[in-house]
């Protein structure tokens, strides 16, 4: 972690290179939050392609497996009826990385009814397959990978796995980063949870964000950053 006072000093030092006005603590608190979110989005933009991005985001990666202090698996909050199960995404959820599901088998070939499965990797249900998978022999939902599907609806995940019933769910996700906050009284400071290399990148985003609110259009590097999104395929790493 990096003390917020050091982060603020780094921002002021970076601003000196632009021969511009200083930044007040209130302005810092606003722009550093924008910068943190844009940094995460920028890093996830190439998450699947480069190990560096995965390492940079490791501090905000969560797996609901109950191991090493992580939360326990998410339980089904819907009825015990196939196709009506759902789980609630955590309040600090930012972006989903992977989903696996434990089910109670029913009418699943080679499995005994009412026995509980191990965790089965789930596949995201694409909208263009939503109404056709039941009629496709090779894509028909069942309690086995890759035909066990999940769908995200707002802050909930729903599932389709044939007649089997979802019991609980493990997800890997990026959580919202800790919001850096500089309190001039030093009583409510919130430090950067990222290491110095990542924090310095956030500092640069912060300065760019600030400059584009006070300067003429001479500095326009924030726009291509903010236009990136979390969509990975198809194709990866291409802003839309």
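When you count, for each residue, the other Cβ atoms within 10 Å and take the mean per peptide, how do 6-19, 123-136 rank with the highest first?
Working: 6-19: 15.1, 123-136: 11.6.
Packing proxy ranking, top to bottom: 6-19, 123-136.
Which residues does a label at residue 186 reach in segment 1-40, if reach means a backbone N under 15 Å from a point 7 Å past the Cα toward the Cβ?
Counting only backbone N, you get 3-9.
Mind pulling the angle between the C-alpha long axis of helix 196-214 and the longest principal axis of the chain? Nearest 10 degrees, somewhere in 0 to 90.
With both axes taken from Cα atoms, the answer is about 70 degrees.
Sort 161, 206 by Cβ crowding within 10 Å, fewest neighbours at the top. Kindly include the intermediate steps, with their values, before the conclusion.
Values: 161 26, 206 29.
If I rank by nearby Cβ atoms, fewest first, I get 161, 206.
Does segment 1-121 classify as rounded, prolate or oblate by the C-alpha gyration tensor (a ≥ b ≥ c root eigenvalues; a/c under 1.5 gives rounded; else a/b over b/c gives prolate, otherwise oblate)? Let's see the in-between values first.
Values: a/c = 3.64, a/b = 2.99, b/c = 1.22.
Verdict is prolate for segment 1-121.
Once you have the alpha carbon radius of gyration of segment 62-175, what is it after dividing by 2.2 N^0.38 Å, with N set to its residue count? Let's see the in-between values first.
Values: Rg = 13.6 Å, N = 114, 2.2 N^0.38 = 13.3 Å.
The value comes to 1.02.
Explain nothing, just the number: relative contact order of the chain, from Cα pairs under 8 Å at least 6 residues apart, as a whole percent. All intermediate terms of the calculation are to be shown ahead of the outcome.
Working: 424 pairs, mean separation 72.8, N = 240.
Reported relative contact order: 30 percent.
Can you work out the FRET efficiency for the pair residue 88 and residue 132, with r the C-beta to C-beta distance and R0 = 30 Å, to the nearest 0.05?
Working: r = 28 Å, r/R0 = 0.94.
Working from the Cβ atoms, E equals 0.60.
Please work out the FRET efficiency for the pair residue 9 and residue 61, using the Cβ-Cβ distance as r and a Förster radius of 35 Å; give the result to the nearest 0.05. The partial results should precede the final answer.
On the way: r = 28 Å, r/R0 = 0.81.
Efficiency computed from Cβ-Cβ geometry: 0.80.
Given the chain reduced to its alpha-carbon atoms as identical point scatterers, what log10 I(q)/I(0) does the Debye formula return at q = 0.08, 0.09, 0.13, 0.16 Å⁻¹?
-0.42, -0.51, -0.87, -1.11
Every number here is computed from the coordinates shown, using simple stated rules; none is lab data. Keep in mind that this is a model prediction, so the values were computed, not measured. Cβ atoms come from the backbone with ideal geometry, glycine included; neighbour counts cover every protein chain shown.
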